[in-house]
Structures are given as structure tokens and as C-alpha cells.
Amino acid sequence: MSSIREHRIYPNRYQDSVALMALSAALAELPGIQAASVVMGTGTNLDNLREAGLGEVDAGPGDLVVAVMGDEPATVRALELADERLSEQPSSRGAGGEVAAPPLRSLRQAVEENPAHNLALISVPGPYAAAEALKALRLGLNVMVFSDNVPLDQEIEIKRFAEERDLLVMGPDCGTAIVNGLPLGFANVVRRGRIGVVGASGTGMQEITSRIHQLGEGVSQALGTGGHDLSAEVGAISMLRGLRALAADDGTDVIVLLSKPPAETVAKAVVEEARALDVPVVICFLGADPAAFGGDTPGVRFAATLAGAADAAVALVRGADRPAESPAEAYEQVCFAPGQRDLRGVFSGGTFCYEAQLLARAEGIRAASNTPVAGNTMPADVAVSTGHTLLDLGDDVFTRGRPHPMIDPAPRDERLLAEAVDPATAVVLFDVVLGYGAADDPVSGLLEAIEQARAVREGPAPAFVAHVCGTDDDPQDRSAVVARLREAGVLVAENNAQAAVIAARMTP
Amino acid sequence: MWSEHLDVVNVGLAGFGDDLRAAGGSVTTLDWRPPAGGDPDAALALARLVGHPEVERANQVAFERYLSAQPVLTDVVPAKEAITEMAGERLILHSGPPIAWERMAGPVRGAIAGAIVFEGWAQTPGQAAELAASGAISFAPAHHYGAVGPMAGVISPSMPVWVVRDATSGRLAYSNFNEGLGKVLRFGANGPDVLDRLRWIGGELAGALRPAVRRLEGLELKPLIGQALHMGDEVHNRNAAATGLLLKRLLPALIATEPDNAVLRRAAEFITGNDHFFLNVSMAACKAMLDAAAGVPHSSMVTAMARNGVNFGIRVSGTGDRWFQAPANPVDGLFFPGYSVDDAAPDLGDSAITETAGLGGFAMAASPAIVKFVGGTPADATAHSRRMREITIGTNPVFTLPALDFGASAAGIDVRAVADTGLQPVINTGIAHKEAGVGQIGAGVTTAPLPCFTQAVVALADGLGLAGAAA
């Protein structure tokens, strides 16, 4: 189709050149249009039109010129559109429309907008986490750093800075906290009460606070320190600070401290600090020998398990010296086939895997684990189990590039299926973690895996032993979860320690 | 803390904020992105500067100096009289950070070649370019001599400059004369008509304006700019009102000097024919205000933003004469008929000194028409001006914006806030053709590149011994 040039002149019609340029651009975008220009008819502009190939136009500086080039229907459409736009009334939206406040991007903006902010919850990628924490502290906020992979020197920098400013740092790598009754990160819905917890393990704190709730007591504060706090380098800055803060808190009558085995000098300093307080303290250093720290005294009790720590704290807050013996979960010994001899654990909570290994060792079971306790070994291949094996599926080796199994249980369910169909497996031990942050439905996939294993496997299925960490007030409702598991033939113990002992004893 | 109501800022996973809210907590979830352009070391250096008492104190001082500056138009003189380093020297000033002849953009080379011919150091632009390449001419940023110029920003010894004096500090700032639109030196044009116009500006026009300006005995520029903001200018890309206001003051003084009638007619025609005539005066006023704020140790306030056609550069009060540079960002704009983004030179000129002083893009709410360059609405213009408050130390109560309920314009860019939020200062700008001499081909909106601000943050941290891995 041949191309033609058309123009229209609007005499004595002034429009701002910017508005005209926008119109020019709109016309030029029409299909079939090769060039378009809407200008005031000044000498320079008319020269420009000529140079752009839009032809000779005879107009004065006060006249508005629309010039287009293209195929014929297109030029007609373009002139119509131009006429429409030039006679349009301004839309009311542009002038008076409400402009939404832009979202806040920085901590400084948030604090300037609302000076009442008093805590920053940081879960950005590890390389940036310390910087955000430092900003929060400099702006006068307490901090919880959920992020992991924070360089140790940066952890020390932020913790020392917080000391100077009399502020609290929880983490890095702090998964759980409950402050003033509110859940931070992964936390369960527990009633408020008079037991304070300071812990270096997220799932460990979830187990202790949930059990306190299950036993009818409540939690004043649960402060996480992060997994590296009790290293020799960091020196328990956060745990010592949390301990002192809770000791000074009128709402806290008993304190529980929790850690995997700390560096020895650090542990001693923590115990020494605890002994100097007026408030009774229960200490659970998983896998450490209390005798190394002087054993029980009236002010300081040692507990060997997470559940034991909760039990001791509940007893103390009720004025009893010792917890009542809790009845062990009854179980029936299962008949296994001759080759069925292995205990296989698939955990989403790292501390549950750790505690189960310790208790299984005490029952005489040496297991392989990707996070082995003293006396256990790394598996030759983490992807395939042989012999007794207890795996932490939340460990980096399994979670690279995918969500933690507490958030997305599917990979754990798959591994559970693989273990359950292995003819060598006698007992499958697992945990289910509930609460804020955890999967909305952590059970359905598990039950499918169990059902599938029973269908596929020839000969007797393995025994399934589990514990559910959480409370009836959690969004997932612990009672309902336990009921579904039991209905599927899973032996559900009261707590992780009990589940581990039962599973170990069932293993032939 | 235990007795307080917990009020959380959630930085990272949005789900944690939702859970807190579901549990009855108060929470603000940030629209977080990696700060400092995603460089973890710079992010940490930045964190160490947030709320740092020395920086805060220094910024108070620098910002107060900026606010209390009183730019006054006092004189028109040849550059070599204002800048004595130029007298008898083959020194040519250009816009933006320092750059060697070999790396200069087309329009800047064209303008320099024109200036060399204008000075009589060569006969033709071609010979001028050879002379420039031979090393016989010295080049320096205008900023290094208290001067600023739009686009190529070329100032040679014989060109006339506006003299603006900060009445508070006594410091002087300069800018060249605006030649109008079309084929002009600042876009790299250097033909005979361009040079003839420059000779007329330097001779007849400057000769007429000098006694007129002196007769005014100091024209206060801040009130004039403030008034122009209420008349639809943002005094960077739109100077129609300000040019009129300047003329209103100049014309009676000019007439009172009883010039030849033909001279008066040509001067009046030239000034009234150029809506950007005030731009260069505005720029000198901004330069005076910002130089007042320069040189306060540890201050993170930006005192200059300028482009040389290759790089964008900024200077910061607390880091002395250093430039922090990065390639200029593209311009989001509209083009004159026959031109497209492929013809555009990278962003160019010292005129971003207006944004640095809280005008231009920062005052876009005053000039809704400008936002049409990017197809926006007046609401978008207002949003630009509001957003700039997030990255400034304060606001300038002399520059108020009707569309913000006469709220003050954001001023005193804090490099920390830019690096922290990733909100880049918004700049209104003309677009030059990449080839010398074609001239302006469009206009639009651009931003100052983030790496400049991140580099400045690291330098400030270094100055306080806070840069390295462990501080």
C-alpha cells in the first residue's frame, strides 16, 4: 500500500509541547503509521516536520499542527485520534486521585514513621543480615535474626554492639522466640506464664515451650540465642544477657537454659552466672555430663532431655522439688521378619535428631547420621541409608535450594517412604512440628507415604513411631494431628525423648 | 522491654509478619531489597553509618549551611575575570566529573572545538579538535572552579558568566549564558551561526546586562525561585515563569542604563525568545547554596551531581573534592519528531545541581506538565516529590510546592538513605543528540545511578575507620 502524508492545522490552539510530544508518540505507535508529529507551528518545528519527511506545512506559531505519514486508513485513524485527544477534557483521576503511600524500604524509614517500633525481625539472606541487624540496633531496636550463614565476626560485632547499647540480639540462626506472648519466627501458641526460656536451639525451644503448655503452665518469654552463641568465639553473649534479663523480670519465676553441648569454658561461665541468681534455673545442655559443671544444687537443676527440662521447670514453678514420674507410653512389641533390624529416623527438627541419637546411644544403638553425636558416624552416602540411621532433613546437605522440611514436608515424606520400603527397616522414627511458620498440613503427605509403604512392601511393615511438637492452640491443632496419626497406626509418643526411647527399644 | 507493647519491623519473609499479625501483634513489613546495590561489604559499611553521631552532627552543620545560604545575582563578567586561573591560560571548563579529551562524548568535543575557535586558538573546528587532541589545551570540570554549565557546560576564558554571591558566606558561584534552543554550543554545535551568537552574547548582550545587573545591587534569587515554583516551574526543565520574573527585574534596570535602542531591542528579543534563559542563573544559585554545605568532615550530604556525557558523578560534603562516578542511567523520555532513543547521547550536564539543591525533579510537584515527558499524571509528579523526602536530610522551607499543600521541597540528599532504600534521586533532563551539533532531540526523566552513592558510603565509612571486615 502506498504511503501518503496528511496534516491538519488547528488555528490559534496552544498546547504545551510536552503534551504534544506525548500525543506524537501515541500516533506514531498506531499500526500503518510511519511517522507522526504534533507541534506548534513555529519556524523551527515546521523545518523539523520537513526534515522528518512529513512535508511542507503552512502554519503560524500560534497554530497547532498534526502531521502524519502512513497508509491511507491509518492516517485517517491517526487524525481522528489526534482530534479526540486534543478535544479531551482532563480526567479527574489524574489531578485529584489518591496516591497510596509508597511502601517502606528501610529500617530508618520505618522508625521515623513510627518511633514505637522496638524489635526488628530479620530473615533476609545471610550476607545482608548482620547489616540489617546493626542498623536496627543503631536505631534503638532489639533484634531477632532468623537468617543463617552470617559470618561469625559479624555475629560478634552485632552482639558486642548490642551490649554497649543495652539491647537484645537473638540469633543469627535463631528460629524461634516468644516475646511478650507474641510468636517470632517458628513458634507455637503457648499460654503466658511464669517460666522463661533462653535457648540456642529453635526446635528445642518449641519442644520445651509446647510441653510447658501441655502440662498446664505457661511461658513468660522464650528468647533464642542462635546456634553459635555458646561457641568459644561468641562466648554466650546472648545467653548471658537473656539470663540476666529474665532474672530481673518480675513475670519470670523459673528459667530454663537450653543448648547443644557448649564450648566448655563458655558452659562453665553460664552455669556460674546461673548459680549466682536468686531465680531457680533448669539447664539442659544436651549430651553434656552435669557432673562436669558441679551437678544439681538448690538453685540449678540439670535435665538430660528437652521434655525433662520442661518437667523440671513446671515442678519448680509449682513449688515441687522434683517432677512427678511421667508414665511411659505403652507399646506392644512388634514381630519383625528376620532381616528387619534397623532403626531409621527422618527428622525435620535438628535438635530432635540430635536428642534421639543421644537416647538411642544410651539404649545401645550406634547409628549413622548427617549430624552425628559423639560415637555415631557420618553415613557413606546421605542419599541411601544402611544400618541404623538417624537423619536431620533440615540440615544444609538436604535443604540446598529448597525450603526447610518444616515449611515444605514433601522431601521428608519422600525419604520416609524410602526408609519404610527398605526390607532392612524395623522401626521408622519421625517428628511432626506444628506452630506458626510450619506447614499448614504437615500430616497428609506423611500418611500417604505410610500407606504407600504398607502397600508396596512384602512381609511385615515397619513400626512407625512419632512425636508431635506443638499445642492444641496451634493453627494445626496438635490433638487433631495426633488422632490422625494414631488412626493410621502410628505410635505417637508424648515427646521426642519418649519416642526415641520407645523406637530404640522396639528395634530388635 | 517486657513491659512494652511489642511493635515489630519485619525485614525479610512476609509470612512472619502475617503470623505476628494473626497472633495479635503490631508489625510493619518492609519492602526490603539488598541495600547498597547488593554489595554485602558496602551494606555493612552503610549499616555502621546509620544513626552514627558524627555523621548526624556533620549533616546538621552542612544542611544548616545550605539552608542559610543567600544566593544573590551580582554581576556579569568574562570568565577569566571571575576565575583568575583562566586568565592567560588555554583552560576550558566542561560539565561533570573530570574526563580526558579522548573519552569525551561527541557533543562535549563539538562544544570544546567551538570554544577553541571562539577564543581564536584555531581557525576551524577541525583544527580545534587537533589542537585539543595534541594536549595543548587544559580541561577541567567547571565544578572545580565554582562554576556550572548545562549540557556540555563549556566555559572558555572570554565567555561571559553570571556571578552569584552567597551573601552569608561571601562565596561566589558562576554559570555561563543560555544560548536558547536549536543549534547551540552546549549541544555540541559549532558552526559559524553558533559562534556568531556566542560573540554577540559575549559582546553586546553581556555589555548591556553588566551595568543593568550591577544597578540592581544584588538580586536575591531564592525568593525569585520560590515564586517561580508557585507559577509552574521546577527551574530545571521549565524556566518559563522564572525567566519572566528575571526579565521583570532586569528590564527596568536595563532601560535605566539608557542603552542604544537597537541593542535594547535585540537583548529583549533574545531573552524573551528563550524560556530557559533563567536556567543558568538557577544553576549558579544552586551551586552557591551547595558549596556553602561542602567540606564538612563526615557529612553524607550530596553537594553536586553532574554528568560529563560518559559518567555520572557526585560529590559529598564529607569526602572533599572526590568524585564518585558510574555510567549514567538511561533517560525515560519523549523525542522530537524524527529522533529516537538510538540517537540519544548519554545524560549530560551540570544542571542536576538543581536537583541536588531540592529543585528540578525534586520539585516536580510544582510543575505537573514536566511529568508528561514520561506519560505521567500530576499525581505522579507529586509522588516523585514526596518520594525524594525519603532520601534527604530535610526540606527547604523557601521552596514550597502548592501541590503538596505548600509543603517544602526535599533537599540535602543523604548518600546513606539512597544506598539504603535504592531510591535514586530523580532528575529532569534534556536529551542531546549523540553527534555534535545536532542539538536537543528530546527531554525526560532520569535518575542518579546508585553505585555513586554506594561508593560514597564506603568512603565515608573508611573516613571513620568503619570500612573493613571487622570494625
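The values are calculated or read from the model by the stated rules, or taken from the named source; none is laboratory data. No experiment lies behind these values; they were computed from the predicted model shown. Backbone-built Cβ (ideal geometry, glycine too); neighbour counts: all protein chains shown. Quick note on the areas: whole protein, heavy atoms, side chains included, nothing else; ligands and nucleic acids left out. Shrake-Rupley method; radii C 1.70, N 1.55, O 1.52, S 1.80 Å.
Screening B:Gly180, B:Gly146, B:Gly218, B:Gly135 for residues that are out of contact with any strand residue (DSSP E or B) (no Cβ under 7 Å at 6 or more places or on another chain) and touching a residue at least 40 places away in the same chain (Cβ under 8 Å) leaves exactly one candidate, B:Gly180.
In the set (1) of a type in the set (Asp, Glu); (2) over 30 Å from A:Cys353 (Cβ atoms); (3) open to solvent by less than 20 Å² (accessible area, probe 1.4 Å), the condition left unmet by A:Asp166 is number (3). Exactly one residue among B:Gly358, B:Gly422 is under 15 Å from the mean Cα position of the chain (by Cα), on the phi > 0 side of the Ramachandran plot and modelled with pLDDT of 90 or more, and that residue is B:Gly358. B:Ile431 meets the stated requirement of being within 13 Å of chain A (Cβ to nearest Cβ) and crowded, with 24+ Cβ neighbours inside 10 Å.
Listed residues A:Pro405, A:Pro423; which is touching a residue at least 60 places away in the same chain (Cβ under 8 Å), touching an Asp or Glu at 6+ places or on another chain (Cβ under 9 Å) and part of a loop (DSSP other than H, G, I, E, B)? Write out each step before concluding.
On the way: A:Pro405 fails: touching a residue at least 60 places away in the same chain (Cβ under 8 Å).
One residue alone meets the criteria, A:Pro423.
Summed over the stretch B:378-396, residues that are open to solvent by less than 30 Å² (accessible area, probe 1.4 Å) and β-branched (Val, Ile, Thr) total 3. Can you find a residue in the stretch A:273-295 that is open to solvent by 30 Å² or more (accessible area, probe 1.4 Å) and of a type in the set (Val, Ile, Thr)? Looking for residues that are open to solvent by 30 Å² or more (accessible area, probe 1.4 Å) and of a type in the set (Val, Ile, Thr), one finds none in the stretch A:273-295, hence no.
Conditions tested, residue by residue: (1) on the phi < 0 side of the Ramachandran plot; (2) without any contact (Cβ under 8 Å) to a residue 24 or more places away in the chain; (3) outside any loop (DSSP other than H, G, I, E, B).
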| residue | (1), (2), (3) |
| --- | --- |
| A:Ile255 | yes, no, yes |
| A:Val279 | yes, no, no |
| A:Thr297 | yes, yes, no |
| A:Gly308 | yes, no, yes |
| A:Leu316 | yes, no, yes |
| A:Asp321 | yes, yes, no |
| A:Gln333 | yes, no, no |
| A:Gly339 | yes, no, no |
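Here's the yes/no breakdown for (1) open to solvent by 30 Å² or more (accessible area, probe 1.4 Å); (2) of a type in the set (Ser, Thr, Tyr):
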{"position": "A:Pro372", "(1), (2)": "yes, no"}
{"position": "A:Leu391", "(1), (2)": "no, no"}
{"position": "A:Asp395", "(1), (2)": "yes, no"}
{"position": "A:Thr399", "(1), (2)": "no, yes"}
{"position": "A:His404", "(1), (2)": "yes, no"}
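Of the residues B:Pro397, B:Pro337, B:Pro346, the single one that is closer than 23 Å to B:Met151 by Cα, in contact with a Leu (Cβ under 9 Å, 6 or more places away or on another chain) and not in a helix (DSSP H, G or I) is B:Pro337.
Within the stretch B:193-202, is even one residue within 16 Å of B:Ala152 (Cβ to Cβ), at pLDDT below 95 and open to solvent by 20 Å² or more (accessible area, probe 1.4 Å)? Scanning the stretch B:193-202 turns up no residue that is within 16 Å of B:Ala152 (Cβ to Cβ), at pLDDT below 95 and open to solvent by 20 Å² or more (accessible area, probe 1.4 Å).
Taking the criterion of being open to solvent by 40 Å² or more (accessible area, probe 1.4 Å) and more than 18 Å from B:Asn176 (Cβ to Cβ), the residues of the stretch B:102-119 that qualify are B:Glu102, B:Arg103.
Given the criteria β-branched (Val, Ile, Thr), more than 17 Å from B:Val50 (Cβ to Cβ) and at pLDDT 90 or above, does A:Val66 qualify?
yes
Here's the yes/no breakdown for (1) touching a helix residue (DSSP H, G or I) at 6+ places or on another chain (Cβ under 7 Å); (2) open to solvent by less than 50 Å² (accessible area, probe 1.4 Å); (3) closer than 23 Å to B:His276 by Cα:
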site: B:Ile137; (1), (2), (3): yes, yes, no
site: B:Gly149; (1), (2), (3): yes, yes, yes
site: B:Gly153; (1), (2), (3): yes, yes, yes
site: B:Ala173; (1), (2), (3): yes, yes, yes
site: B:Leu181; (1), (2), (3): no, no, yes
site: B:Phe187; (1), (2), (3): yes, yes, yes
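Can you tell me which residue among A:Arg486, A:Arg478 is open to solvent by 10 Å² or more (accessible area, probe 1.4 Å) and touching a Cys at 6+ places or on another chain (Cβ under 9 Å)? Can you show your working first?
Values: A:Arg486 fails: touching a Cys at 6+ places or on another chain (Cβ under 9 Å).
Result: A:Arg478 is the single residue among A:Arg486, A:Arg478 that is open to solvent by 10 Å² or more (accessible area, probe 1.4 Å) and touching a Cys at 6+ places or on another chain (Cβ under 9 Å).
Based on this model, can you work out whether A:Glu207 counts as under 22 Å from A:Gly319 (Cβ atoms) and of a type in the set (Asp, Glu)? Criteria not met by A:Glu207. Taking the stretch A:153-195 as the range and being more than 11 Å from chain B (Cβ to nearest Cβ), more than 16 Å from A:Leu139 (Cα to Cα), part of a strand (DSSP E or B) and not charged (D, E, K, R) as the test, the residues that pass are A:Met170, A:Thr176, A:Gly193, A:Ile195.
Taking the stretch B:1-96 and the strands (runs of 3 or more DSSP E) fully enclosed by it, the elements with 1 or more residues that are within 14 Å of chain A (Cβ to nearest Cβ) and closer than 20 Å to A:Val169 by Cα are at B:7-11, B:26-29. Here the condition is being over 30 Å from A:Asn45 (Cα atoms) and hydroxyl-bearing (Ser, Thr, Tyr); of B:Ser158, B:Ser175, it holds for B:Ser158 alone. Mind listing whichever residues of the stretch A:118-152 are more than 8 Å from chain B (Cβ to nearest Cβ) and among the β-branched types (Val, Ile, Thr)? A:Val143, A:Val145, A:Val150 - these are the residues of the stretch A:118-152 that are more than 8 Å from chain B (Cβ to nearest Cβ) and among the β-branched types (Val, Ile, Thr).
For residues that are in contact with a strand residue (DSSP E or B) (Cβ under 9 Å, 6 or more places away or on another chain) and small (Gly, Ala, Ser), tally how many sit in the stretch B:255-278. Step through it out loud before you land on a result.
First pass over the stretch B:255-278, keeping only residues in contact with a strand residue (DSSP E or B) (Cβ under 9 Å, 6 or more places away or on another chain): B:276.
Subsequent filtering for residues that are small (Gly, Ala, Ser) retains none.
Final tally of qualifying residues: 0.
Restricting the stretch B:455-466 to residues that are surrounded by 24 or more Cβ atoms within 10 Å (Cβ to Cβ) and within 14 Å of chain A (Cβ to nearest Cβ), the residue that is farthest from A:Arg108 (Cα to Cα) is B:Ala461. Here the condition is being within 14 Å of another protein chain (Cβ to nearest Cβ) and open to solvent by 10 Å² or more (accessible area, probe 1.4 Å); of B:Asp321, B:Asp291, B:Asp343, it holds for B:Asp343 alone. Test A:Leu30 against the stated conditions and say whether it is assigned to a helix (DSSP H, G or I) and not β-branched (Val, Ile, Thr). No; evaluated as a whole, the condition is false for this residue.
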